[in-house]
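A short worksheet on the structure shown next.
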Amino acid sequence: MAEREEEEKSRGFKVDDRRRFSAEGELKPEHQGTAQQEGEPQRSRPQPQGAPPHVAEGAPPRTSERRTAAMESAASSHPEINFATFVVSLSTQALMHLGEIPDPMTNQQQRDLPAAQHMIDILGMLQDKTRGNLDHDEEGMLRSILFDLRMKYVETARHNPGS
């Protein structure tokens, strides 16, 4: 049995990494001239004004610059999508239609009761369709948001019957 283990160890295997790009996303040196040789046309894109020199020259961005750009993009992007953020986004739209918060596009408060009712109905449908599939916190959050929105809708509709 010891002979067999030594035989397996001596055979071994070799792994060739055929990927063209490194872990940082840069073209590996052994592949740098092959794009033109393989007949791939070199793509040129118009560069924005004030672009860093490597961008204007068509060179790939340096790793540190890519990381910085990715971090800036992540910081300015939307929050992680999960059930809670989805429900909150729908409730925010309902509040906007109820005139509770300003429209982010116009920065003005406007009331649209049919649209608010529609958003509340969507949340109610979501509650029905997810019943038994939510954890305790998600279920409580959805129940609470729906209760608050329905009460605000009734109050708003009573004070503004023509809206």
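The single condition from (1) farther than 17 Å from residue 154 by Cα; (2) of a type in the set (Asp, Glu); (3) at pLDDT 85 or above; (4) assigned to a helix (DSSP H, G or I) that residue 72 fails is (3). Taken residue by residue, the stretch 124-135 has at least one member that is over 14 Å from residue 91 (Cα atoms) and polar (S, T, N, Q).
Considered as a group, the residues in the stretch 93-129 that are at pLDDT below 95 and β-branched (Val, Ile, Thr) include one that is surrounded by the fewest Cβ atoms within 10 Å (Cβ to Cβ), and that residue is 106.
The values are calculated or read from the model by the stated rules, or taken from the named source; none is laboratory data. Everything quoted here is computed from the prediction, not taken from an experiment. Note: ideal-geometry Cβ built from the backbone for every residue, glycine included; neighbour counts use all protein chains shown.
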